[in-house]
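Notes follow the structure.
The values are calculated or read from the model by the stated rules, or taken from the named source; none is laboratory data. A quick note: this is a predicted structure, and the numbers were derived from the prediction, not measured. As a convention, Cβ positions derive from the backbone with ideal geometry for all residues, glycine included, and neighbour counts pool all protein chains shown. Keep in mind that these areas ignore ligands, DNA and RNA; they rest on the heavy atoms of the full protein, side chains included. Shrake-Rupley method; radii C 1.70, N 1.55, O 1.52, S 1.80 Å.
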Number of protein chains: 2
Amino acid sequence: MLRTHTCGELGEKEIGRTVKLCGWVGARRDHGNLIFIDVRDGYGATQVVFDPQSGRDIHKLGESLRPEFVVKIEGKVKKRPEGTANAKIATGLIEVAAERVDILNKSATPPFEIIDDTSVTEESRLRYRYLDLRRPCMQRIFRLRHKVCKLARDYFDERNFVEVETPILTKSTPEGARDYLVPSRVNPGMFYALPQSPQLFKQILMASSFDRYFQIAKCFRDEDLRTDRQPEFTQFDIEMSFVTEEDIFESSEGLMKKLFKEAIGVDLKVPFPRIKYADAMSRFGCDKPDLRFALELVEITEIVEECKFKIFRDVVKNKGKVIAVNATGCGGYSRGQIVELIEFVKGYGAKGLANFKSENGALTSQIGKFFTSGELLAIRAASRAADGDMIFIVADKQKVAYDSMAGLRKLLGKQLNLIDEKEFKFLWVTDFPLFKYNEEEKRWESEHHPFTSVHPDDIKLLERGESLDKIRSRSYDLVINGAEIGSGSIRIHESKLQELIFKTIGIGEEEAAMRFGFLLDAFKYGAPPHGGIAFGLDRLMTLFAGCESIRDVIAFPKTQKAFCPMTNAPSIVDERQLNELGIRIKK
Amino acid sequence: MLRTHTCGELGEKEIGRTVKLCGWVGARRDHGNLIFIDVRDGYGATQVVFDPQSGRDIHKLGESLRPEFVVKIEGKVKKRPEGTANAKIATGLIEVAAERVDILNKSATPPFEIIDDTSVTEESRLRYRYLDLRRPCMQRIFRLRHKVCKLARDYFDERNFVEVETPILTKSTPEGARDYLVPSRVNPGMFYALPQSPQLFKQILMASSFDRYFQIAKCFRDEDLRTDRQPEFTQFDIEMSFVTEEDIFESSEGLMKKLFKEAIGVDLKVPFPRIKYADAMSRFGCDKPDLRFALELVEITEIVEECKFKIFRDVVKNKGKVIAVNATGCGGYSRGQIVELIEFVKGYGAKGLANFKSENGALTSQIGKFFTSGELLAIRAASRAADGDMIFIVADKQKVAYDSMAGLRKLLGKQLNLIDEKEFKFLWVTDFPLFKYNEEEKRWESEHHPFTSVHPDDIKLLERGESLDKIRSRSYDLVINGAEIGSGSIRIHESKLQELIFKTIGIGEEEAAMRFGFLLDAFKYGAPPHGGIAFGLDRLMTLFAGCESIRDVIAFPKTQKAFCPMTNAPSIVDERQLNELGIRIKK
């Protein structure tokens, strides 16, 4: 190689040696006759000194160097003079006295400086991603991402999992989002779909007698992009045969324990706590609660069902819910603070937010007169309010009540500084409903996907087609600090049950055969019991790197308009190409 | 898990223990009252005995088991009776006496038996891929593929390479084949392209100061499928900065040495021999010679340039080539055998194949009278023919002469049993031409791709636009046993040279900016000198697994019509989906 060392490794033990470094010209300081230049590469930066006493030519070359020039420096490693060492960088004890300089490439003045602490817009960072990626913080992220993938692969390899590549040009998978389609030139009028996940293939692999599969898999969803979604994303994809939930949990916990320890030095306690979906909803109003703080919700529907406050009573009558949260120590909240919270819950569609101040062993409120003292005491007791606390209450349709109170809980958690940003609270959420009702299309659909197995206690309900909303599935999510990081289930492996599920959600035999025929066929020839899970790598990486956006942990991400500002993809293509594919653009 | 052991691991040390196995019902043998069933999983097979003395119910269950039923067997491990051990399988010393049987799933009668030695059609194997993959030979292949990928990743990780995921939804890359296109719903009328390789992105990563990149990358080419191409394939993709060819060779050789040793126990000698493109052509007639046998070609154009044989003389006059090969020991070939070889070279467009028999220290031939004895002796000497040998000669346009003689050399190598199928002969081919002339479009184009750097000795020719066919590039191929397994080059890293290349191959400024603008931009901001290589994993796997077709080493391959007989992809899609994408099918 053109270099003997990287720019991140020279230290005291190399003092006196002649070395060659290659890298980019970074910060520059001129002190009298001496020129100091930081030469930077992906590993670090080394200070290079150009001394006129080393020769006028060298010094002149040093003067000519501009930011981001690519240089090869040959020189002697010296201890930095007393008092000039830089403890902040790994090479801070030494400097290299330049004896020879080759300019390997010049650079125009870059549009922004290559430093961590930059105020440049994300637009510009993505447009000039090659400059953005030179920033030390970005180098760290992608070297860490590499490490995390390596750790995961080592983990699965040690446990006899086999990584199998599933196809990218394939058939629509039923994950609920839109597919990206790829027109086939060889088969005119026909299309491949890019996989939303390897779901069907990993189940096929189980039927193929690979009983421990994993893959770091690219997945594709043509969604209307929310803040933090990408058209293509990466997941750790896992499937196992002859297992129950316990085996999936144990494998997942081992993976997380290893990743958190070796990637960021955090010791996790396993097994992770578990909560059933129904309990998560009643205690936190959502299926991915942040457990770094308490502020649990309390349902007081029964307490207020006969109260004189009409709003509450009507909600109860209409099968809605009345939910309270004890905002510990917020008894002194001003009118202004309370109004803000009322506006906040209205954002979720709630019609209002009642508040009860806890003082002198009782509750006071503007609407206090509508409640008996027994009711007030019951509310106080249920909420476990002490003097100085404030109880907030939403009464509304179940979904609105849960959503708004879950949101309020999170907001209070932040406002009251209850969240330790360095903590990682893991939680398994289990027993999700098998179906959900699609109000728009007036039909039942799968909550997870139609290959999710049924809770054994609820199989009778399914067979009778009764109380579909009550049927639980054998699915589970892994939640960290309120974010869903993994999702999976024990799958169906029997044709009869699978057909019943399809029937229940209105997928006819013909449609089932056309869309999933190969899986149904596979089930006919001896599919084993199996289950699995998938973890979102991009989301995990934001936790490890401490980033806000997954765009920071993807080397070449797209914007919210699914556009790449660096390559300008997607773009217009030749008419000739479209002709070959047998398609045309609709005017 | 439902099992205590896999079906591939029980041996003498487990004798006497009660175990649980899960797997598929395989071969079955009934001996009097005893039923023997092989229970198979991805790891092996274990013999299970159903003895009526263990209980009538168990025996009855055993009787009811049919091929490919999924079962869970509980029973005691016993030593097989004297004389019944099976040395061919790992569990051949023991058997499990069934005490409890659970049928986890039933199976219809499979369309073919799950054994290695099958005569079922490939069509059927692909249609029922989940059954095909259960065959022990297929299990071995995909477990080996996993291992090979793991070994490669370990190798690169140890050497500080960073694996970076490059996008799948991206912009057309210039590899000469057709792109698969993906219509964008969010940006109507625009298309992503699936990458033919991560070429541009890996160069961008070099400009991003990742100086050692690798990726096991999915690539896509919409080609008219030849026997052994796939629409999507996998490559080991490598790029390094601040390097020369030597660094790429050293890294590649280390990788191959490790893979061959640890995957199939073959010791490779490094460094691999090297040959320049021009020498490969003159000695073997092709740029990927199989070095497992000699049979080198000899050019005799100058010897025959004034001979009386008009066909040879005309070829020489028209700047063609006269090429000979000494078919050692073939002096006794019959007329029939020779006619077969003549027909063979005609397949390459050659007009004929002359033959000279070497006997009694001279050459004899039907056309011998057209040559002086001096010419005959010179041909004999150049070909190093001894008595009993046969010299075959093609005289034709250069391409036809080389192609046909390269083909003939291979054919003779096989016919004469000169090839040791267990041997692996590696070869670097270097100094490829930078350009080739496209006869159809009457223009020069890149031989490799337009980012390949120029041989330093030929840069003057390029600048003057002279003798474009003589300009060599800094590209290299790795060839194993006559198959190209890797290809790469030192790249251009300077805008000026890149622009000159584009100009030379007729890509105007505007087109260059539109297609590769981001790479040209990156070059402006300090791109380092860099180079790389990519290896075809699927092709490598056929060598490791001893398969003929890459379809055998890809879990879910497509047919030559780019069709998947299992999923029926590609397929027709809803009009609604096309409407959303803003495209329509051309009638």
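Here are some notes:
- Across chain B, C-alpha contacts under 8 Å between residues 6 or more apart give a mean separation that, scaled by the residue count, equals a relative contact order of 12 percent.
- Close amide H contacts of A:Ile583 (hydrogens built in the peptide plane, cut-off under 5 Å, sequence separation of 5 or more or a different chain): B:Lys586.
- Nearest-ten-degree value, helix B:398-415 long axis tilted from longest Cα axis of chain B: 40
- Projecting the Cα atoms of A:Cys307, A:Gly331, A:Phe356 onto the charge dipole of segment A:293-419, computed from C-beta unit charges around the Cα centre, puts A:Cys307 farthest toward the positive end.
- Three-way shape label, segment B:1-143, alpha-carbon gyration tensor, a/c 1.5: prolate
- Residues A:Thr559 and A:Lys586, FRET efficiency given R0 of 25 Å [Cβ-Cβ distance, rounded to 0.05]: 0.55
- Degrees separating the helix B:136-158 axis from the principal Cα axis of chain B, which is the longest one: 60
- What a 1.4 Å probe finds exposed on segment B:12-105 is 49% carbon and sulfur by accessible area, rounded to a whole percent.
- Maximal additional length on extending the B:Asp314-B:Glu343 stretch stands at 8.3 nm, based on 0.36 nm per residue less the C-alpha distance.
- Two-site label geometry, A:Val266 and A:Asp57: point separation in nm, points 7 Å out along Cα→Cβ: 5.6
- Inter-copy label distances at A:Lys13 (7 Å, Cα→Cβ; nm, one decimal): 4.0
- Plainly put, the tip 7 Å out from Cα toward Cβ on B:Pro273 is 7.0 nm from that tip on each other copy, the closest given first.
- Ordering A:Leu225, B:Pro557, A:Ser251 by the projection of their Cα atoms onto the charge dipole of the protein assembly as shown, which places +1 on the Cβ of Lys and Arg and -1 on the Cβ of Asp and Glu, puts A:Leu225 at the extreme positive end.
- Paramagnetic reach from B:Lys399 (point 7 Å along Cα→Cβ, amide N under 15 Å) across segment B:461-498: B:469
- Amide H contacts of B:Gly42 (H built 1.01 Å from N, under 5 Å, at least 5 apart or other chain): A:Asp211
- The distance between label points at A:Phe424 and B:Glu445 comes to 5.0 nm (points 7 Å beyond Cα on the Cα→Cβ vector).
- Between helix B:245-264 and chain B: long-axis angle, C-alpha atoms, 0 to 90°, nearest 10: 30
- Distance between segment A:31-69 and segment B:516-537 - C-alpha centres, whole angstrom: 26
- Distances between copies at A:Ser119, taken between label points 7 Å from Cα along the C-beta direction, are 8.0 nm in increasing order.
- Comparing the full protein assembly with the isolated chain, the residues of segment B:117-147 losing at least 10 square angstrom of accessible surface (1.4 Å probe) are B:Arg127, B:Tyr128, B:Tyr130, B:Leu131, B:Leu133, B:Arg134, B:Gln139, B:Phe142, B:Arg143, B:Arg145, B:His146.
- Binning all Cα-Cα separations of chain A at 20 Å, short to long from zero, yields these whole-percent fractions: 16, 38, 32, 13, 1.
- Spin-label pair B:Arg384/A:Ala386, simplified geometry with 7 Å Cα→Cβ offset, distance in nm: 9.7
- Amide H contacts under 5 Å for B:Val454: B:Arg474, restricted to partners 5 or more places along the chain or on a different chain, H placed in the peptide plane at 1.01 Å from N.
- Charge dipole magnitude, Cβ of K and R +1, D and E -1 - the protein assembly as shown, Cα centre, debye nearest 20: 420
- Within segment B:293-419: Cβ-based charge dipole about Cα centre, in debye rounded to nearest 20 (Lys, Arg +1; Asp, Glu -1): 340
- Between the listed residues A:Gly320, B:Leu377, B:Leu2, the Cα displaced farthest toward the positive end of the dipole of the protein assembly as shown, a dipole computed from Cβ unit charges relative to the Cα centre, is found at A:Gly320.
- Simple point charges give the picture: +1 on the Cβ of Lys and Arg, -1 on the Cβ of Asp and Glu, and for segment A:214-259 a dipole about the Cα centre of about 280 debye.
- Whole-Hz couplings from phi, Karplus 6.51/-1.76/1.60, listed for segment A:70-76; x for Gly and Pro: 9, 10, 10, 10, 10, x, 9
- Scalar couplings 3J(HN,Hα) for segment B:272-284, obtained by applying the Karplus form with A = 6.51, B = -1.76, C = 1.60 to θ = phi - 60°, are 6, x, 10, 9, 7, 3, 4, 6, 4, 5, 6, 8, 10 Hz; x denotes Gly and Pro.
- Across segment A:328-335, rounded Karplus estimates of 3J(HN,Hα) from the backbone phi angles (6.51 cos²θ - 1.76 cosθ + 1.60, θ = phi - 60°) give 4, x, 9, x, x, 4, 6, 3 Hz, Gly and Pro being marked x.
- Antiparallel %, DSSP beta bridges [both residues in the protein assembly as shown], to 5: 95
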